[in-house]
Amino acid sequence: MKKLIIRTMALLFALTFIPAMAVYANAISVTVNGERITIEGQQPVIVDGSTLVPVRAAFEAMGFDVDWNQAYRQAVLSRGNDLLVITIDSEHSLWVLKVARLMFPHR
């Protein structure tokens, strides 16, 4: 009888606390400039040890304008003279730090 009570208590413990710990362990918080940001829709995920964060949420929190070009499947992120273009399924991105003024326009 004592073994039955112990097993029942262990089962109740597992059913009560383990799922809550699993949900908490999967929650990923994102902080930008010392402030936690709220992400709606697609949540951050961990893939092969790297944390992937939705571009819009992170870059808008840093003051970027975020546009989506469906034809090229690109996220276009801009802030002042900074420009970043990220293409879906590409290992490369275009990062322009400064826009330079030319003495003569392109011909």
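Starting from residues that are out of contact with any Pro (no Cβ under 9 Å at 6 or more places or on another chain) and not basic (Lys, Arg), keep the ones in the stretch 41-57 and report whichever is nearest to Val85 (Cα to Cα).
The initial filter retains those residues of the stretch 41-57 that are out of contact with any Pro (no Cβ under 9 Å at 6 or more places or on another chain), namely 45-50, 55-56.
Narrowing further to those that are not basic (Lys, Arg): 45-50, 55.
On the way: Val45: 22, Ile46: 23, Val47: 22, Asp48: 24, Gly49: 24, Ser50: 21, Val55: 11 Å.
This residue is Val55.
Which residue out of Phe17, Phe64, Phe104 is at pLDDT 85 or above and among the aromatic types (Phe, Trp, Tyr)?
On the way: Phe17 fails: at pLDDT 85 or above; Phe104 fails: at pLDDT 85 or above.
Every option except Phe64 fails the conditions.
Residue pairs whose Cβ atoms lie under 7 Å apart, sitting 6 or more positions apart in sequence or on different chains, and linking a residue in the stretch 65-85 that is over 10 Å from Trp95 (Cα atoms) to a partner that is of a type in the set (Lys, Arg) and in a strand (DSSP E or B), are Asp65/Arg79.
Which of the residues that make up the stretch 32-91 are assigned to a loop (DSSP other than H, G, I, E, B) and among the hydrophobic types (A, V, I, L, M, F, W, C)? Selection gives Ile39, Val53, Met62, Phe64, Ala71, Ile88. Screening the stretch 45-59 for residues that are crowded, with 16+ Cβ neighbours inside 10 Å and of a type outside the set (A, V, I, L, M) and picking the one that is nearest to Asp89 (Cα to Cα) gives Pro54.
The values are calculated or read from the model by the stated rules, or taken from the named source; none is laboratory data. Bear in mind that the values here come from a model prediction, so they are computed numbers and not experimental data. Note that each Cβ is placed from the backbone with ideal geometry, even for glycine, and that neighbours are counted across all protein chains shown.
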